[in-house]
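Encoded as structure tokens, the structure appears first; notes follow it.
The values are calculated or read from the model by the stated rules, or taken from the named source; none is laboratory data. The shown structure was predicted, so the numbers you read here are calculated from the model rather than taken from an experiment. Positions of Cβ are backbone-derived with ideal geometry, glycine not excepted, and every protein chain shown enters the neighbour counts.
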Amino acid sequence: MINFDGTVLYTLPVGDMDCAEGSLSSWAWSADGQHLAYVMTCGDASWLSVVETMTGDLLWQQALAAGVSVKAWSPDDHYLLLQMRPTGLLADASIERFASDGSGAPEPVTRGLFIDIVSGRNEGK
């Protein structure tokens, strides 16, 4: 993470992501503040990673299709809420939950819905 003046504040671990030009596309803090989930985009893939905030240790990482963003953690920190937009079109968007320990695959919650967490606005089909 880079400060406004260009100084490096913190370097996020990239794990197995083999990409020279990856970019941080979204992130979310766990409810208890002990973990940070983030998505790095590299070419046609999105890498979902979770780190422990006190140590900076990478706990797990998984490659997913492009167009993924992490929106929030569940209040009990058991799940991550992901937005999937594989084609970039709202009609193809979905909200999915993913176990916060990295096990399993994303599970669909709804389709054709986009969530804008910052403003609290949802746009449906």
- Note on the structure: Log entry, pairs with first residue in the range 36-53 being in contact (Cβ under 8 Å) with a residue 60 or more places away in the chain, second being surrounded by fewer than 18 Cβ atoms within 10 Å (Cβ to Cβ), beta carbons closer than 6 Å, six or more apart or on different chains, reads none
- So VAL70, is it at pLDDT 85 or above and either farther than 23 Å from GLY33 by Cα or outside any helix (DSSP H, G or I) (or both): yes
- Message: Checking the conditions here, which among SER74, SER69, SER103 is loosely packed, with under 13 Cβ neighbours inside 10 Å and among the polar types (S, T, N, Q)?
- Response: SER103
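Confirm whether ASP57 is at pLDDT 85 or above and exposed (fewer than 12 other Cβ atoms within 10 Å of the Cβ).
Yes; evaluated as a whole, the condition is true for this residue.
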